[in-house]
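Just so it is clear, none of the values below were taken in a lab; they were calculated from the coordinates. What you see is a predicted model, and the numbers here were worked out from it, not measured in a lab. Quick reminder, even Gly has a Cβ in these numbers, built from the backbone with ideal geometry, and neighbours come from all protein chains shown.
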2 protein chains.
Amino acid sequence: MKGFKLLPLVCLTLLSFEYASGQNFKYVDPRIGSEGLGNVFIGPSCPYGMIKPGPDNDLHANSGYTADLDEPIYGFSQTHVSGTGGGAKYGNVSVMPFSGEFNSIKQESLRDNEKIAIGYYGARLSKYDIQTEITTSDRAAFYRFKFNSESKNAVKIDLGRYLDESNLPDGRETQQFVGSQVEVVSNTEVRGYTKIRGGWNNGGAYTVYFSAVFDKPFSNFSTWKDSVFYPNEAVQVDEGEKTGAMLFFDDLSGKIVNMKIGISFISSLKAKQNIDKEIPHWDFEKELVETQLKWEDLLSRVEVDSEATTDQKTMLYTGLYHTMLMPVDRTGENPLWENNGPYYDDFYAIWDTYRSSSPLITLLNPSREVDIVNAMLQIYKRDGYLPDARSGNSNGRTQGGSNAEVVIADAFVKGLKGINYKLGLEAMMKDAMYPPGGNEEKEGRGGLVDYNRLGYVSTDYVRSGNRTVEYAYNDYCLAIVAKGIKRKGEYWRFIKQSDNWQNLWRDIEDNGSRGFIMPKNARGKWVDSIQCAATNGKINYVPYTPLAQDWPNCVCWWCGVFYEASSWEYSLSIPHDVAMLIQKSGGNEAFEKRLNTFFREGFYNVANEPSFLTPNLYHWLGRPDLSSDRIHKIIDENYNAGAAGIPGNDDSGAMSSWLAFHMMGLYPNAGQSYYLINTPYFKETIIHQENGKDFIIKAKNLSSKNKYIKSALLNQKPFNTAFIEHEDIINGGVLELIMSDKPSNKWGKTIVPPSKSDY
Amino acid sequence: MKGFKLLPLVCLTLLSFEYASGQNFKYVDPRIGSEGLGNVFIGPSCPYGMIKPGPDNDLHANSGYTADLDEPIYGFSQTHVSGTGGGAKYGNVSVMPFSGEFNSIKQESLRDNEKIAIGYYGARLSKYDIQTEITTSDRAAFYRFKFNSESKNAVKIDLGRYLDESNLPDGRETQQFVGSQVEVVSNTEVRGYTKIRGGWNNGGAYTVYFSAVFDKPFSNFSTWKDSVFYPNEAVQVDEGEKTGAMLFFDDLSGKIVNMKIGISFISSLKAKQNIDKEIPHWDFEKELVETQLKWEDLLSRVEVDSEATTDQKTMLYTGLYHTMLMPVDRTGENPLWENNGPYYDDFYAIWDTYRSSSPLITLLNPSREVDIVNAMLQIYKRDGYLPDARSGNSNGRTQGGSNAEVVIADAFVKGLKGINYKLGLEAMMKDAMYPPGGNEEKEGRGGLVDYNRLGYVSTDYVRSGNRTVEYAYNDYCLAIVAKGIKRKGEYWRFIKQSDNWQNLWRDIEDNGSRGFIMPKNARGKWVDSIQCAATNGKINYVPYTPLAQDWPNCVCWWCGVFYEASSWEYSLSIPHDVAMLIQKSGGNEAFEKRLNTFFREGFYNVANEPSFLTPNLYHWLGRPDLSSDRIHKIIDENYNAGAAGIPGNDDSGAMSSWLAFHMMGLYPNAGQSYYLINTPYFKETIIHQENGKDFIIKAKNLSSKNKYIKSALLNQKPFNTAFIEHEDIINGGVLELIMSDKPSNKWGKTIVPPSKSDY
């Protein structure tokens, strides 16, 4: 954390505008995760909204924004991602109001009076004394500028600015400029586009078209190309140069200029159509209320009891909010193939989101998840592979497994209708059978030739450790779908392959625990040391232990044995066969000790998705009480309702959805049909499901002391397992947890959650 | 040949317009290859021109055109390819003038008075009595419509029409509609675009933007969307539907309307800019002359003696013309990455063109070839692989080898400057080392895993026979470049691999010759029979002999052991090691007999590129006289100056360049630095080179009787080999061939052209 000047959190209800009717959206604070490592987008957005307008004051911030008040805003761009790490993406079509001299295309200003709320961003640009407010619909944003300066006033639209700019062609994880165009159509409308390539996923060129309309005519204008102004020249054609337009307004002092800006990935006329369809009026407050209502429709699907604290509700609803910012709904906006089905972009990355974000959407908004899965299947069908990460209409950047397969399996086992699972299996088989070719970072399974030949990914390939572990689980998911649609041959092949993690299981001891996923070379020999940097001409080797971390010091960030983690983390990440994992670790007692060591010694990384399930592994020892203890400790120590309340990159809602599930007392094992039951944060949680049936989780006598589940009833019948099937939830009903100050001797003890090797 | 009604060939000099100064372009007849199998584009085009406007009267014709006068024209579209086979591509932005009722978006008319010449197309639409003429610049076309009807007259711009339409998503080799947009900007301008995917190379979506401007205002208009008319509605936004515009003109009878239409792959404003830059006037004849001059600049680089017949000159210059239609120069029009270098599209396919088209461009227009190679290298750098075929900004459809490697090697051995050969080697290594992944038809080397593991492509993969043979030659080309830039490790590896064709050489006899490339399975066993269709429930096997052809009856067109040929053809296609081929075939006598059998028995396919070099193989026996006999017989029997004068698909100029080379008496062995010398068709051929130096080929005493080269002088010194180095040509000079009525006992006898195993 840099020691920068921070804005105090203001109470949201003090904002000058009125809230729409409804309750829950009030508790969303988009600022949670905007400081520290969260990297969330703080501007207004609709659920899964395509346009994400917001301030940019840090070219290298993933969301364009830093809370540091000493960093001047240089513009408000229309496209952002939320919670990501690595290089930035987007930040396109930058709008900036300003006053004073017009002799440069660069303007910037510090801000004050900043207000951030759901569907709203507001700040005063102090240098120019211009109040800027933004609200938004799905594909068009509404800007309200109040100019207070008596000097000349203007609005600039800059098509040459974007995040993480690099002039290096194909600079890794940076964005490169391709072209832009601007056309002043009338004295109230400007159209154009910006075309950029690269970014975090090293994707192909994407084009963001726009149309900006004003409620007051500008008196004159100047376009520019490559930093040269062309006064009153209406068109700058795309010749691979940066272009933009400055629109000059007379006599604005004390007056408001409203601007609506629509975007499109198809054309600037479509961008205009998006404005006309979505915001056919000039009423800022009305638009804000509509956005609030869109969110309320989703957020009201979870209701908690009145004893919940404001902080708890803020954390819960902001968690749901963050989960539903991405992927973005670009249905009808696909420039690559026919727009006759759902299309989503900004899967960023499925490696992060498959564990808890997708399951949360499936639980609260299953019709949306059906659309998302169908969009993924069309991506497979047209682009050749399912995405692992995708942004700007390009697959790119697999991190470990081919985890879209888990998303498909999760939809399948939870009975989502309206998905062609035969096509789903075909897509999964493509991952599992066909190496991704010349770019193993783009899609599919890198190192697959090894994996299918040797049963593990050898150290000839980067990320061999986590790839092997993840592919084994991906194979399990494939097998489950194959079995479900009666494809026995595939089932038997892949259910067997799902044991492949055991091929890298090495019986060594570390910190008192036995057995770890360890690197093995292509000749089948364990690798004991890793070549590291050379010192004074002599190559260094470092011993490879379960706690070793070869990246980024010895090898590149993406080139280690395990991606973003140690063997300690990945060796516990066997979600389909915890029973076998326990057995190979030396049995229940050794495994409990191992888990305790893991958390006590700090081998656990709260911010890392591969460990998302690990605090729950005590369930498989018959000790759900220990899971709950662990989870509550993690949340209480790492999450809060403040701006730095997310302990790592939110990763497109991954961490937020993990939190939201646990606050409700449920946690999914993605790809499998059940939820683990933990001590909730609320005495009562009602899930109003899309099918009209409510599912209610009650925690009777819950208190800080009574934190253990003593027994449970499902629809008033005894319910003795610490996990519950998705089917039981969608059928509606009441899960009553009877809380106590002591761990139960019975509940969750005898029947532990499923493991593959139990079958 | 269908028995359709054909237009008699009219003498070109009878056309109503005047020719520009200069000579050679007069001899170009774009109709050669427009009947029979040639599939050439007959409309006007600049050299490598991006816009190719022309009539469409056959939705499934590769160039949109059939000479059949009974097939009505439905429009004139702006994009075409020339000479291709398989499914069609392009045919975008269809323009149609018409008269009469306006109640349908479909119009069509038979034609008469058709005139086809370089840079010009003209015909009368007999149904409407409208004379339509077209000429063109590089990126904008000029249409002149003379309306004679007294009824209502109109021009239609249809964005929903294109060649080989299919509603089947991803229909193989067909095109699918993605979207379109139209905007009537003023009463003299219409803008918009059409977006299509698929086509022969099964490519991604491409967008053809346009701007059409008229020299007379239309009085009113109607746009349409999805077949519904919207009178006077100026804009139809892209919503995935077919759109278009009809422009109605008052009082046109007897009058001319001129229309200029620019296209762009970037934006419709850029399409307009292309008009403004290239045709800033309304003078049809002036534009026609400019196009003629552009061609003359290239065609005048070859000059032949005055005794050449008109037919000979027509065949020669039309051959050069066809060679320079594609690939198309899209520099500045690349929507995928920065436009700061040359960009070419429509490599269609390099498998066809590497043998003679690229070498011909290198000889006559080396600066252009440098740009083309650099564009290919950028395609490798940005898209990951060199193209084998590419169209609509998408790599796609490898036929056999990764033959872009031959093009790079050809440029290297011929000393083309301004190419980063280090990057070239990197690109070649990518092909040779990294399997192309999930789509083995798209790029790279399909079956590479086998090839690198076994030394041949096994029958586990389609096209295993020709892939093995071609990869071996590709490896040779890679090795030569590696050696040249002092990369010895790569040289030794790949020069060794270039013998891999021998791994499929099977010592069997067929039709009196021994030794053939034959299929082998992955366990190293020869495959004697191929599974074919089942009859009455019983699977048929057909014996696999060197003349067997498994496609398309037993397997799909692309799925046989050899692509588009038999083993007889590919077994003679070892361009880097003819000496070893001769040795393995049983020595000189056996090989001569083999060649004679090949041609006599009709195992030779004149229309197939793998046999392009074969008539020249007698050179390696010290019998260049037999090569010349064979070549002249092939040409005289198969080529002529008529509309059906090309015996197969021209394949983007492949057959035309083969012909043109042979008429000059030279033939390249692409990827190697020399030309084989054959009996020319001309007593004197002067090549005016870009470097300012002339190279003259004289054939002293040439006559139908004196058809053998008795001896030769290079710059007046004895020259006894039947091949000449490229360097000798670019240095300028005179090659004097002394002709005789008997084969020489000396010339070309002792030193035969190089072979790898001679080194």
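Our note on the geometry: Cα centres of region B:202-246 and region B:360-427, 37 Å apart.
Under 1.5 on a/c is rounded, so check that first for region A:89-231, then, if it is not, pick prolate when a/b is larger than b/c and oblate when it is not; a ≥ b ≥ c are the square roots of the alpha carbon gyration tensor eigenvalues. Spell out each step's value before the answer.
Values: a/c = 1.67, a/b = 1.36, b/c = 1.23.
Note, shape of region A:89-231 comes out prolate.
Can you tell me the dipole magnitude for chain B around its Cα centre, using point charges on the Cβ only (Lys, Arg +1; Asp, Glu -1), in Debye to the nearest 20? Intermediate results must be reported in sequence, preceding the final value.
Working: 80 positive and 93 negative charges, 393 e Å.
In total the dipole reaches around 1880 debye.
Inter-chain Cβ neighbour count for B:328-339, averaged per residue, equals 4 (cutoff 10 Å, partner chain atoms only). Rounded to the nearest 10 degrees, the inclination of helix A:624-638 to the longest alpha-carbon principal axis of chain A is 30 degrees. When a/c reaches 1.5 or more, the comparison of a/b and b/c decides; with that in mind, is chain B rounded, prolate or oblate per its Cα gyration tensor? Prolate. Neighbour counts of other Cβ atoms within 10 Å put B:222, A:253, B:656 in the fewest-to-most order A:253, B:222, B:656. Taking a straight Cα-Cα cut-off under 18 Å and skipping sequence neighbours fewer than 8 places away in the same chain, the aspartates and glutamates within cross-link reach of residue B:255 are B:129, B:133, B:150, B:215, B:283, B:285. Other residues whose C-beta falls under 10 angstrom from the C-beta of residue B:244 contribute a net charge of +3, scoring Lys and Arg +1 and Asp and Glu -1. The share of alpha-carbon pairs in region B:605-717 lying farther apart than 23 Å comes to 30%.
For region A:274-324 versus region A:709-740, the spacing of their alpha-carbon centroids is 30 Å. The residue list A:353, A:400, A:552 was ranked by how far each Cα lies along the charge dipole of region A:329-606 toward its positive end, using unit charges on Cβ atoms, and A:400 comes out on top. For residue B:302, the residues whose amide H sits under 5 Å from its own are B:688, ignoring neighbours fewer than 5 places away on the same chain, with H placed 1.01 Å from N. The H on the amide N of residue A:506, modeled in the peptide plane, is under 5 Å from the matching H of A:516, A:517, A:518, each at least 5 residues off or on a different chain.
Using DSSP to define loop residues, name the GluC sites (Glu not before Pro) in region B:601-692 whose beta-carbon has at most 16 other beta-carbon atoms within 10 Å. For GluC sites (Glu not before Pro) across region B:601-692 that sit outside H, G, I, E and B with at most 16 neighbouring Cβ atoms in 10 Å, the list reads B:601, B:690.
Percent relative contact order of region A:12-298, based on C-alpha pairs within less than 8 angstrom and at least six residues apart? Relative contact order comes out at 18 percent. Near the amide H of residue A:723, within less than 5 Å, lie the amide hydrogens of A:677, all on another chain or at least 5 residues away, with H placed in the peptide plane. Backbone geometry of region B:446-456 corresponds, through the Karplus equation with coefficients 6.51, -1.76 and 1.60 at θ = phi - 60°, to 3J(HN,Hα) couplings of x, x, 5, 4, 4, 4, 6, 8, 9, x, 7 Hz, x marking Gly and Pro. Counted by neighbouring Cβ atoms within 10 Å, the residues B:94, A:711 run from fewest to most as A:711, B:94. Computed from the Cβ-Cβ distance with R0 of 30 Å, the FRET efficiency linking residue B:588 to residue B:638 stands at 0.60. Report, in listed order, any pair from A:417/A:683; B:277/B:422; A:195/A:260 with a Cα-Cα distance greater than 28 Å. Going by Cα-Cα distance, A:417/A:683; B:277/B:422 fall outside the 28 Å limit. The three principal axes of the Cα atoms in region B:329-605 give end-to-end lengths of 59, 46, 35 Å, sorted in falling order.
Given R₀ = 30 Å, what would the calculated FRET efficiency be for residue A:281 paired with residue A:112, taking r from the Cβ atoms and rounding to 0.05? Could the numbers behind the result be given before it?
Details: r = 30 Å, r/R0 = 0.99.
For R0 = 30 Å, the calculated efficiency reads 0.50.
Available extension along the chain between residue A:688 and residue A:253 is 151.6 nm, counting 0.36 nm per residue and deducting the alpha carbon span.
The ellipsoid equivalent to the alpha-carbon distribution of region A:231-343 has semi-axes of 36, 23, 14 angstrom, derived from the gyration tensor eigenvalues as √(5λ) and listed largest first. Using the structure shown, list the pairs from B:717/B:746; B:700/B:749; A:115/A:146 with a Cα-Cα distance above 18 Å, or answer none. Cα-Cα > 18 Å for B:700/B:749; rest within.
Taking 7 Å steps out from each Cα toward its Cβ at residue B:417 and residue B:720 produces label points 3.5 nm apart.
As a proxy for reagent exposure, A:509, B:470 were ordered by neighbouring Cβ count within 10 angstrom, fewest first; the result is A:509, B:470.
With a sphere of radius 12 Å drawn around the Cβ of residue A:56, what net charge do the other residues whose Cβ falls strictly inside it have (Lys, Arg +1; Asp, Glu -1)?
On the way: positive: A:52, A:111, A:161; negative: A:58, A:71, A:108, A:158, A:164, A:165.
Around residue A:56, the charge tally is -3.
Determine the calculated [θ] at 222 nm for the protein assembly as shown from helices alone, applying -39500 (n - 2.57) to every DSSP H run no shorter than 4 residues and normalising by the residue count; nearest 500 deg cm²/dmol.
On the way: 34 runs with 374 residues, N = 1518.
Value at 222 nm, helices only: -7500 deg cm²/dmol.
Computed from phi, the 3J(HN,Hα) profile of region A:418-429 under the Karplus parametrisation 6.51, -1.76, 1.60 (θ = phi - 60°) reads x, 10, 7, 6, 5, 5, x, 5, 4, 5, 5, 5 Hz, with x in place of Gly and Pro. Once you have a ≥ b ≥ c as the square roots of the Cα gyration tensor eigenvalues for the protein assembly as shown, tell me rounded if a/c is under 1.5, and otherwise prolate or oblate according to whether a/b is larger than b/c. Here the protein assembly as shown falls in the oblate category.
Taking the Cα atoms of region A:12-298, the ratio Rg/Rh between the radius of gyration and the Kirkwood radius comes to 0.94.
Using a 10 Å cut-off on Cβ atoms, rank the peptides A:102-113, A:78-89 from the highest mean neighbour count down.
Details: A:102-113: 15.0, A:78-89: 26.2.
Output ranking for A:102-113, A:78-89: A:78-89, A:102-113.
Here region B:745-759 and region A:573-650 have alpha carbon centers that stand 76 Å from each other. Per residue, the average separation of C-alpha pairs within less than 8 Å and at least 6 apart gives chain B a relative contact order of 12 percent.
Explain nothing, just the number: relative contact order of region A:329-606, from Cα pairs under 8 Å at least 6 residues apart, as a whole percent. It would help to have the intermediate numbers written out before the result.
Working: 459 pairs, mean separation 35.8, N = 278.
Relative contact order of region A:329-606: 13 percent.
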